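Presented below is the structure to which this report refers.
The values are calculated or read from the model by the stated rules, or taken from the named source; none is laboratory data. Remember, predicted model here, so these are calculated numbers, not experimental data. With ideal geometry, Cβ positions are generated from the backbone for all residues, glycine too; neighbour counts draw on all protein chains shown. When the accessible area is computed, the model is the full protein with side chains, heavy atoms only, and any ligands, DNA or RNA have been set aside. Shrake-Rupley method; radii C 1.70, N 1.55, O 1.52, S 1.80 Å.
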Amino acid sequence: MAESERQTGSPEEAIAPLCQSFMIPKKEINMVPDMAKWKRSQAYADYIGFILTLNEGIKGKKLTCEYKVSEPIEKLMELLDTLDRWIDETPPVSQPSRFGNKAFRTWYAKLDQEAENLVKTVIPEHLAEAAAEVAVYLKESVGNSTRIDYGTGHEAAFAAFLCCLCKIGVLRVDDQLAIVFKVFNRYLEVMRKLQKTYRMEPAGSQGVWGLDDFQFLPFIWGSSQLIEHPNLEPRHFVDEKVVNENHKDYMFLECILFITEMKTGPFAEHSNQLWNISAVPSWSKVNQGLIRMYKAECLEKFPVIQHFKFGSLLPIQPVTS
């Protein structure tokens, strides 16, 4: 059996409620050799299973398609709206350095204080004990308040936050489209606003050799949306007109639009990896390649994973099945 098949389990496993005692997630990856524990862990299997389940669920579908919106999804949208509103209430301060505006620390302190209460608005009362554990992933998902930076490790914390909500049964299998198209997409909007407002640094950026300064998952899921598209091929995403006409339907193109707004100069120079991807013949090949790249460049890199926290929902213990 292929490694990916063995580690991911079925969609139902990745999104199945369980009963247990909760705990505050903590750091377990302290040295490079600890990475072996992570790759064998239940947390890794559940996390990658969750990402791939959603990848499959949204294949060939537009952001604007119709899908079910459950009450927990609505509540998650309200939570993200609150974070957005706090940005408006916390304007950047004037300071000598151009990047890393210190007002972000004020904004973050509010989240740090309120995260558990925010999570309690999303989960039913009988699961209130889970709030403290789940809230840690929410706090980790918005960037680092000391360095005032943001990167794929923070994005992974938000995916872990959603994965935990699935594991306690708040989000269900039929919420898949809304998880990506509504909640994750709104999260991206709020993160882009944070990045712009507080001029956040990219965390652990590989510069021109990285896929993107800040995100990875919307490229994976966005390429899945475009699989078997009748007209749009990978070579089209470097065409400004195509991006402008289709970005509201496809996450991948929305990411490209954001990059072109934030960066100047030829696309091939500031986003070399993406430029190379535009030469791949099909979206399914792009999608498979991005999943491999995500594992290699994010999930298997110590600087990213050393910050990941493990609790009862995403445990460091080895896979049992």
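Without any contact (Cβ under 8 Å) to a residue 60 or more places away in the chain, at negative phi, in contact with a helix residue (DSSP H, G or I) (Cβ under 6 Å, 6 or more places away or on another chain) and hydrophobic (A, V, I, L, M, F, W, C), is that true of V122? Criteria met by V122. The test for being modelled with pLDDT of 95 or more, crowded, with 17+ Cβ neighbours inside 10 Å and not in a helix (DSSP H, G or I) holds for V142. The numbered conditions (1) more than 18 Å from the chain's Cα centre (by Cα); (2) open to solvent by less than 20 Å² (accessible area, probe 1.4 Å); (3) closer than 30 Å to A296 by Cα are all true for S70 except (3). G289 fulfils the conditions (1) of a type outside the set (A, V, I, L, M, F, W, C); (2) without any contact (Cβ under 8 Å) to a residue 40 or more places away in the chain; (3) part of a loop (DSSP other than H, G, I, E, B) except for a single criterion, (3). Of the helices (runs of 4 or more DSSP H) contained entirely in the range 177-278, those carrying at least 2 residues that are touching a His at 6+ places or on another chain (Cβ under 9 Å) and surrounded by fewer than 20 Cβ atoms within 10 Å (Cβ to Cβ) fall at 251-262. Taking the residues in the range 100-129 that are within 29 Å of S21 (Cβ to Cβ) and among the small types (G, A, S) as candidates, determine which candidate is surrounded by the fewest Cβ atoms within 10 Å (Cβ to Cβ). Across the range 100-129, the extreme among qualifying residues is A128.
Checking each residue in the range 29-50 for being open to solvent by less than 10 Å² (accessible area, probe 1.4 Å) and either at positive phi or in a helix (DSSP H, G or I) (or both) picks out W38, A43, Y44, A45, Y47, I48, G49, F50. Of all the criteria given as (1) at pLDDT below 95; (2) in a loop (DSSP other than H, G, I, E, B), the one not satisfied by H126 is (2). Taking the range 151-176 as the range and being at pLDDT below 95 and open to solvent by less than 10 Å² (accessible area, probe 1.4 Å) as the test, only G151 passes. Residues in the range 82-96 that are assigned to a helix (DSSP H, G or I) and in contact (Cβ under 8 Å) with a residue 60 or more places away in the chain were compared, and the one that is surrounded by the fewest Cβ atoms within 10 Å (Cβ to Cβ) is D84.
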